[in-house]
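The values are calculated or read from the model by the stated rules, or taken from the named source; none is laboratory data. All figures in this text were calculated on a predicted structure; none of them were measured in a lab. For neighbour counting, all protein chains shown are included, and Cβ atoms are generated from backbone atoms with ideal geometry for every residue, glycine included. Protein only, heavy atoms only, side chains kept; ligands, DNA and RNA dropped before computing areas. Shrake-Rupley method; radii C 1.70, N 1.55, O 1.52, S 1.80 Å.
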Amino acid sequence: MSEEIKYNMGKYIDELKNNITKTEFSDFTGERKADYDSGIASLVEIFTYHKRHNSHVFFVGNGGSAAISSHMTADYMKNGGMNTVSLYDNAVMSCMGNDYGYEMVFSRPLSFLAKSDDLLVAISSSGESANIINAIDTVHSNGANVLTLTGFKPENRIRKLGDHNIYVPSMKYGIVESIHNLILQQIVDEIMERDGVRL
């Protein structure tokens, strides 16, 4: 491996670590948590609440964030023992997109599925996706809670809509998505280590 490739790999990892340390955890008031560890601890408590109350947990996102959503739907169910529901069935998504438009592809099924005390995990690197904003509005109107994971500009719209918010201060998709995935994976792994896996 050339020295240039080694240097670039190290630079990328340094950028990733730097953005992890700058990631902001806040509630709906915008109050920032003290540090990464306390932010993770608070989120473990939130997911533990929903696990113990057997409420539904929904993950939504587009593109790379959709892949994270599908992955976490499986992990939080199998490893976390939570009542997760996938919104990525091909027939349902194509039906909603065809009949109501892509901007309503999540909000229409959530209008039927989301109940009071459920949790929506809304993942959007830009924080500007219209279908994610509509999903948030829908679950809030049904009395459910929202955790947002965003990046790019600090004033993005989705960041302002969550009951709990994670913001990665980077304009790079790879960095933002990697940190979103890492945080969600850490949360479910912490719960799995504490509670064991329900086989």
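Looking only at residues that are over 11 Å from the mean Cα position of the chain (by Cα) and touching a residue at least 60 places away in the same chain (Cβ under 8 Å) in segment 112-131, which one is farthest from LEU149 (Cα to Cα)?
Result: LYS115.
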Just a yes or no: is a residue in segment 59-66 closer than 23 Å to ALA144 by Cβ and either without any contact (Cβ under 8 Å) to a residue 60 or more places away in the chain or over 14 Å from the mean Cα position of the chain (by Cα) (or both)?
yes
Please give the number of the condition GLU155 fails out of (1) open to solvent by 60 Å² or more (accessible area, probe 1.4 Å); (2) under 17 Å from ILE68 (Cβ atoms); (3) among the charged types (D, E, K, R).
(2)
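With surrounded by 16 or more Cβ atoms within 10 Å (Cβ to Cβ), among the polar types (S, T, N, Q), closer than 25 Å to THR138 by Cα and out of contact with any Gly (no Cβ under 6 Å at 6 or more places or on another chain) as the only criterion, which of ASN62, ASN79 stands out? Reasoning before the result, please.
Details: ASN79 fails: closer than 25 Å to THR138 by Cα.
The match here is ASN62.
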Restricting to segment 24-58, count the residues that are in contact (Cβ under 8 Å) with a residue 12 or more places away in the chain, assigned to a helix (DSSP H, G or I) and not β-branched (Val, Ile, Thr).
8
Given the conditions (1) outside any helix (DSSP H, G or I); (2) surrounded by 15 or more Cβ atoms within 10 Å (Cβ to Cβ), report the number of the one that ILE68 does not fulfil.
(1)
